[in-house]
Amino acid sequence: MDIDRANMKTTREFWDSNPCGVHTDFEAQKNQRYAMEPWLPGQLERLASGHRSILEVGCGQGVDSIVICRSMQAGGTYVGIDYSGASIGVASANATRFEADLPVVPSYRVGDAENLPFGDATFDAVYSMGVIHHTADPAKAVSEVHRVLKDGGKAYILLYRRPSLKVGAAKGLRVVQQGVDSLLGTERSIYKALRKRGSHSRLFGTMFLECFGVPYMYWYNRSEIERLFAGFSSVSLKIFGPNFGRLSGGGEGETRFGYFWWVEATR
Ligand SMILES: C[S@@+](CC[C@H](N)C(=O)[O-])C[C@H]1O[C@@H](n2cnc3c(N)ncnc32)[C@H](O)[C@@H]1O
């Protein structure tokens, strides 16, 4: 299948204008993020403590990188890459505030998930949250994760789940926007209107802008995920989701209402 990468330029422009999480202040970002995903810090501590070299693909503004580096053993390495230079700028600036207290000092660089700027078999682990479903060719990105992992290395990848309420609603809203666009002869009309109003929510961050503004938004059912990760020697899948209080079952995040697949795959 021919992959249309034409919208990767718009992808970069989108995330440069709307870095994930909106706030550039680290504490505000962290509070917003972990209020939405209270299960995440525990999962990050678990994955970080088990590996000596970790690559994060699509680190955004780097909130998770600080939790990861805090949980790694001294002497390890962490590298975060992101397609958005603006996000990498914020991540680097934020990290300088914490470096002195971290066992592992994070490093960041601009890079493309579909063409990772690292040699084969470089990392013990690769973590990526909410990124690979936003790139033009997710299968290429997954093959790159596989390539840069050492034998026996682990990938921890979060991808949008099909069906799920949140992503289904977003897909529906995107169809509405397409309708408005074709009526008015415009392009991403609702996104542009939201941007004009400076519209982002304290609670939901860039979620609505993302819904209308990102060029690529894939979602996957179980067998599609299994096909995507077929090159790995083993794959386990869990479903994670937002904090709906008691409904989500104790804040651990595993829930049948979840919109993320938590994929753990061993090379
Ligand atoms: C929803 S944000 C997630 C950021 C971060 N992982 C988090 O959870 O806060 C998606 C991120 O993916 C990045 N991204 C999109 N396509 C990418 C690609 N091909 N390579 C690297 N990063 C990419 C964007 O720049 C953006 O920072």
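When 246, 256 are checked against the criterion of being at pLDDT below 90 and in a helix (DSSP H, G or I), 246 stands alone in meeting it.
Of all residues in the stretch 99-130, which are over 17 Å from residue 44 (Cα atoms), more than 11 Å from the ligand (Cβ to nearest atom) and either basic (Lys, Arg) or not in a strand (DSSP E or B) (or both)? Walk me through how you get there before you give the answer.
We begin by selecting, within the stretch 99-130, every residue over 17 Å from residue 44 (Cα atoms); these are 99-101, 107-122.
Narrowing further to those that are more than 11 Å from the ligand (Cβ to nearest atom): 99-101, 107-108, 118-122.
99, 100, 101, 118, 119, 120, 121, 122 - these are the residues of the stretch 99-130 that are over 17 Å from residue 44 (Cα atoms), more than 11 Å from the ligand (Cβ to nearest atom) and either basic (Lys, Arg) or not in a strand (DSSP E or B) (or both).
Kindly check whether there is at least one residue in the stretch 175-191 that is in contact (Cβ under 8 Å) with a residue 60 or more places away in the chain and either within 16 Å of the ligand (Cβ to nearest atom) or surrounded by 14 or more Cβ atoms within 10 Å (Cβ to Cβ) (or both). So far as the stretch 175-191 goes, no, none of its residues is in contact (Cβ under 8 Å) with a residue 60 or more places away in the chain and either within 16 Å of the ligand (Cβ to nearest atom) or surrounded by 14 or more Cβ atoms within 10 Å (Cβ to Cβ) (or both).
The set of residues in the stretch 145-163 being surrounded by 20 or more Cβ atoms within 10 Å (Cβ to Cβ) and more than 9 Å from the ligand (Cβ to nearest atom) consists of 145, 148, 149, 153, 154, 155, 156, 157, 159, 160, 161.
Can you confirm whether the stretch 28-37 contains a residue that is away from the ligand (no atom under 12 Å from the Cβ) and surrounded by 13 or more Cβ atoms within 10 Å (Cβ to Cβ)? If you could, list the steps in order and put the result at the bottom.
Filtering the stretch 28-37 down to residues away from the ligand (no atom under 12 Å from the Cβ) leaves 28, 31, 35.
Within this subset, residues satisfying the condition of being surrounded by 13 or more Cβ atoms within 10 Å (Cβ to Cβ) are 28, 31.
Yes, the stretch 28-37 contains a residue that is away from the ligand (no atom under 12 Å from the Cβ) and surrounded by 13 or more Cβ atoms within 10 Å (Cβ to Cβ).
When the stretch 21-59 is filtered for residues that are among the charged types (D, E, K, R) and either in contact with a Pro (Cβ under 7 Å, 6 or more places away or on another chain) or farther than 15 Å from residue 94 by Cα (or both), the ones remaining, listed by number, are 33, 37, 45, 46, 52, 56. Among all positions in the stretch 63-73, there is at least one residue which is among the polar types (S, T, N, Q), modelled with pLDDT of 95 or more and within 13 Å of the ligand (Cβ to nearest atom). Pairs meeting the criteria (first residue in the stretch 13-24 and over 15 Å from residue 62 (Cβ atoms) and modelled with pLDDT of 80 or more, second residue more than 11 Å from the ligand (Cβ to nearest atom) and assigned to a loop (DSSP other than H, G, I, E, B), beta carbons under 9 Å, at least 6 apart or on different chains) are 18/200.
The values are calculated or read from the model by the stated rules, or taken from the named source; none is laboratory data. Quantities reported herein were computed from a predicted structural model and do not represent experimental measurements. Here the Cβ is made from the backbone with ideal geometry for all residues, glycine too, and neighbour counts use every protein chain on show.
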